[in-house]
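A quick write-up on the structure given underneath.
The values are calculated or read from the model by the stated rules, or taken from the named source; none is laboratory data. Because the structure is predicted, anything quoted here is derived from the model rather than measured. Using ideal geometry, Cβ is built from the backbone for each residue, glycine included, and neighbour counts are taken over all protein chains shown. To get the accessible areas, we keep the full protein, side chains included, count just its heavy atoms, and leave off ligands, DNA and RNA. Shrake-Rupley method; radii C 1.70, N 1.55, O 1.52, S 1.80 Å.
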Amino acid sequence: MPNPVLVEVTRGSLVESRHSGSVAVVDGDGRVAFSLGNIEANVFPRSACKAMQALPLVESGAADAYGFGDKELALACSSHSGEDEHVALAASMLSRAGRDVEALECGAHWSSDQRTLIHQARTLEKPTALHNNCSGKHSGFVCVCCHQGIDSKGYVGYDHPLQQQIRDAMENLTGAALGHDVCGTDGCSIPTYAVPLKALAHGFAKMATGHGLGPERAKASRRLIEACMAEPFYVAGTGRACTELMQIAPGRIFCKTGAEGVFCAAIPEQGIAIALKCDDGTTRAAEAMVAATLARYFEKGGKEHAALTALANKSMRNWNGIHVGDVRVTAALTE
């Protein structure tokens, strides 16, 4: 069975585009609270799993050794917009370990955010690896290596000790076997592993609740999730979906996007986590899907439910400000 259509895009009175996908909502014990589509299918979480990849930063003691607080931990879990604050904090993280931008192996790119890109074009000759949306994560990786006395050179490689630590943590969280057969290379050059969507949601539910985790991993997981919720700007940036979603219910919603239409989220107070995939990889649809799914778990009539519903159903305007259509979720996500 194909996955259901979860988002429609209209133009005038007609549906112009349709986006199918799958959604898994799972609790800390692995029970499925809600699902749509094939949640057993493997997906690459891409950047949506950065909080999992940041576990060695906390568990190794590196975060404490370098005096990292919520902002640094949030940036280590981020796909930031390359705004000045993001770049400065990534540089600061490296400097505390005695390193600089030359230690980063993520590559360089301009911001994908138009406002930030214009600012960069006006102030920079070219971007550096610090402007890469993954520079916070990679700065955390370098710090782990420095703290543990591991040569950071080649830290993006599958066989590097750091990547082995990350792979072990992700296997523990998701219960999935992660090897070469499910491994690809992410945009920032580190390994990325395809896992069942349900397992990905379960992994984040375990991080949010501590269920099924040892005490140190549960503590580290909670610290990372809480840091992201406390500093949502450093997880993404101005006007970004991750930041806006967490600002709707401060301290109650965790969420993180990934490339190709993946989103993960958690509501720790309810002990549940969400993983979803838009089949065609469209970000606008994935953002609508996660907002609508989160709204299911907030009281109808409340301000959080209203704000989430508004993000899930947006009007589209052309360059003259004329309303031309809408992005809207289907009944499958709202009933």
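Out of all the residues in the range 258-272, which are open to solvent by less than 10 Å² (accessible area, probe 1.4 Å) and either basic (Lys, Arg) or closer than 15 Å to Arg222 by Cβ (or both)?
Ala266, Ile267
Being within 30 Å of Asn3 (Cβ to Cβ) and either small (Gly, Ala, Ser) or open to solvent by 20 Å² or more (accessible area, probe 1.4 Å) (or both) is the filter here, so list the residues in the range 55-80 that pass it.
Ser78, Ser79, listed by residue number.
Does the range 324-335 hold any residues that are surrounded by fewer than 12 Cβ atoms within 10 Å (Cβ to Cβ) and at pLDDT 95 or above, and which are they?
Of everything in the range 324-335, just one residue is surrounded by fewer than 12 Cβ atoms within 10 Å (Cβ to Cβ) and at pLDDT 95 or above, namely Ala331.
Show me the strands (runs of 3 or more DSSP E) found entirely inside the range 1-41 where at least 1 residues are free of Cβ contacts under 8 Å to residues at least 60 places away in the same chain and open to solvent by less than 40 Å² (accessible area, probe 1.4 Å).
In the range 1-41, the matching strands (runs of 3 or more DSSP E) lie at 14-27.
If you check Ala129, Ala176, Ala169, Ala121, which single one turns out to be touching a residue at least 40 places away in the same chain (Cβ under 8 Å) and hydrophobic (A, V, I, L, M, F, W, C)?
Ala169
Identify the residue in the range 132-165 that is open to solvent by 40 Å² or more (accessible area, probe 1.4 Å) and not in a loop (DSSP other than H, G, I, E, B) and, among all such residues, is nearest to Ala91 (Cα to Cα).
Residue satisfying both the conditions and the ranking: His147.
Out of all the residues in the range 231-243, is one or more modelled with pLDDT of 95 or more, in contact with a His (Cβ under 7 Å, 6 or more places away or on another chain), over 19 Å from Lys198 (Cβ atoms) and among the hydrophobic types (A, V, I, L, M, F, W, C)?
Yes; the residues of the range 231-243 include at least one that is modelled with pLDDT of 95 or more, in contact with a His (Cβ under 7 Å, 6 or more places away or on another chain), over 19 Å from Lys198 (Cβ atoms) and among the hydrophobic types (A, V, I, L, M, F, W, C).
Looking at the range 205-226, I want the residues that are open to solvent by less than 40 Å² (accessible area, probe 1.4 Å) and have a partner that is of a type in the set (S, T, N, Q) with Cβ atoms under 7 Å, at least 6 apart or on another chain. Which pairs are those?
As it stands, the answer is Met207/Ser221; Gly210/Ser221; Leu213/Ser221, since those pairs meet every condition given.
From Ala108, Ala121, Ala91, which residue is among the aliphatic types (A, V, I, L, M), in a loop (DSSP other than H, G, I, E, B) and surrounded by fewer than 19 Cβ atoms within 10 Å (Cβ to Cβ)?
From the options Ala108, Ala121, Ala91, the qualifying one is Ala108.
Which one is nearest to Ala54 (Cα to Cα), of the residues in the range 241-257 that are open to solvent by 10 Å² or more (accessible area, probe 1.4 Å) and in contact with a strand residue (DSSP E or B) (Cβ under 8 Å, 6 or more places away or on another chain)?
Checking each candidate, the answer is Thr257.
For residues in the range 179-204 being without any contact (Cβ under 8 Å) to a residue 60 or more places away in the chain and over 19 Å from the mean Cα position of the chain (by Cα), which is surrounded by the most Cβ atoms within 10 Å (Cβ to Cβ)?
Gly179
So Gly237 clears everything in (1) open to solvent by less than 30 Å² (accessible area, probe 1.4 Å); (2) farther than 18 Å from Glu72 by Cβ; (3) not in a helix (DSSP H, G or I) except one condition, right? Which one?
Among (1) open to solvent by less than 30 Å² (accessible area, probe 1.4 Å); (2) farther than 18 Å from Glu72 by Cβ; (3) not in a helix (DSSP H, G or I), Gly237 violates only (2).
Only one residue in Gly321, Gly301, Gly281 is open to solvent by less than 50 Å² (accessible area, probe 1.4 Å), without any contact (Cβ under 8 Å) to a residue 60 or more places away in the chain, assigned to a loop (DSSP other than H, G, I, E, B) and farther than 26 Å from Phe44 by Cβ, so which one is that? Spell out how you get there, then give the answer.
On the way: Gly301 fails: open to solvent by less than 50 Å² (accessible area, probe 1.4 Å); Gly281 fails: farther than 26 Å from Phe44 by Cβ.
After ruling out the rest, the residue left standing is Gly321.
Out of contact with any His (no Cβ under 7 Å at 6 or more places or on another chain) and either open to solvent by 10 Å² or more (accessible area, probe 1.4 Å) or assigned to a strand (DSSP E or B) (or both): which single residue out of Ala286, Ala275, Ala291 fits that description?
Ala275
State the number of residues belonging to the range 304-318 that are within 19 Å of Glu8 (Cα to Cα) and either open to solvent by 50 Å² or more (accessible area, probe 1.4 Å) or modelled with pLDDT under 95 (or both).
The total comes to 7.
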